[in-house]
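Worksheet: one structure, shown below.
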Amino acid sequence: MGLLSIIRKIKRKEKEMRILMVYTLNIWDVGGQRTIRSYWRNYFEQTDGLVWVVDSSDLRRLDDCKMELDNLLKEERLSGASLLILANKQDIKGALTPAEIAKVLNLEAMDKTRHWKIVGCSAYTGEGLLEGFDWLVQDVASRIYMLD
């Protein structure tokens with residue numbers, strides 16, 4: 001019996017299957033400057049996931065951040081989109097934690113049908129980014145492919 005025959009027999013008995021799936025992500029950084037916020041709605045159509053980046057070290061702008069997020073989530077075209085909130089600048093001393101940001105943004109009061117997660121991160125070090133985007137891709141995939 002050759003090596004290939006042995007490998008085939010072993011493979012037939014295994015219950016594990018490995019599949020590599022590659023996603024293509026179209027990501028637009030539409031920025032948060034007040035002057036360009038009116039253009040955001042041009043990107044809402046067929047959006048499956050939304051990434052909201054919060055500057056965890058800028059306490060003065062958190063109320064504005066909450067107001068803009070609340071307005072954005074009222075958009076009907078974004079009603080099914082998974083929401084990833086990146087609590088950025090966790091590497092800066094004095095930055096609010098993700099739990100503190102969640103409280104300020106009142107995330108627990110969000111519509112219960114909305115899938116969301118808040119992740120502490122640092123764009124500077126890269127910490128937390130993989131965790132956040134991994135969750136987003138998995139969450140979107142679980143919703144989209146569950147419907148097929």
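The values are calculated or read from the model by the stated rules, or taken from the named source; none is laboratory data. The shown structure was predicted, so the numbers you read here are calculated from the model rather than taken from an experiment. Glycine gets a Cβ as well: all are built from the backbone with ideal geometry, and neighbour counts include every protein chain shown. For accessibility, only protein heavy atoms count, side chains too; no ligands or nucleic acids. Shrake-Rupley method; radii C 1.70, N 1.55, O 1.52, S 1.80 Å.
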Here are Ile85, Ile101, Ile118: which of them is surrounded by 15 or more Cβ atoms within 10 Å (Cβ to Cβ) and touching a helix residue (DSSP H, G or I) at 6+ places or on another chain (Cβ under 6 Å)? Ile118
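Looking at the range 28-59, which of the residues that are open to solvent by 100 Å² or more (accessible area, probe 1.4 Å) and polar (S, T, N, Q) is modelled with the lowest pLDDT? Please lay out each step first, then the result.
Here is the first cut: in the range 28-59, the ones open to solvent by 100 Å² or more (accessible area, probe 1.4 Å) are 28-29, 33-35, 39, 41-42, 45-46, 59.
From what is left, the residues that are polar (S, T, N, Q) are 33, 35, 42, 46.
Details: Gln33: 61, Thr35: 70, Asn42: 65, Gln46: 74.
Among them, the one singled out is Gln33.
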Let me confirm something: among Ser82, Ser122, which residue is modelled with pLDDT of 90 or more and closer than 14 Å to Val53 by Cβ? Ser122
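Residues that are hydroxyl-bearing (Ser, Thr, Tyr) and out of contact with any Pro (no Cβ under 6 Å at 6 or more places or on another chain): which helices (runs of 4 or more DSSP H) entirely in the range 56-147 hold 1 or more of them? Don't jump to the end; show me each part of the working.
Numbers: elements: 62-73, 98-105, 129-147.
The helices (runs of 4 or more DSSP H) meeting that bar are 129-147.
Does Leu78 satisfy the criteria of being touching a residue at least 24 places away in the same chain (Cβ under 8 Å), open to solvent by less than 70 Å² (accessible area, probe 1.4 Å), closer than 26 Å to Phe44 by Cβ and under 16 Å from the mean Cα position of the chain (by Cα)? Walk me through it before giving the result.
Details: touching a residue at least 24 places away in the same chain (Cβ under 8 Å): yes; open to solvent by less than 70 Å² (accessible area, probe 1.4 Å): yes; closer than 26 Å to Phe44 by Cβ: yes; under 16 Å from the mean Cα position of the chain (by Cα): yes.
Yes.
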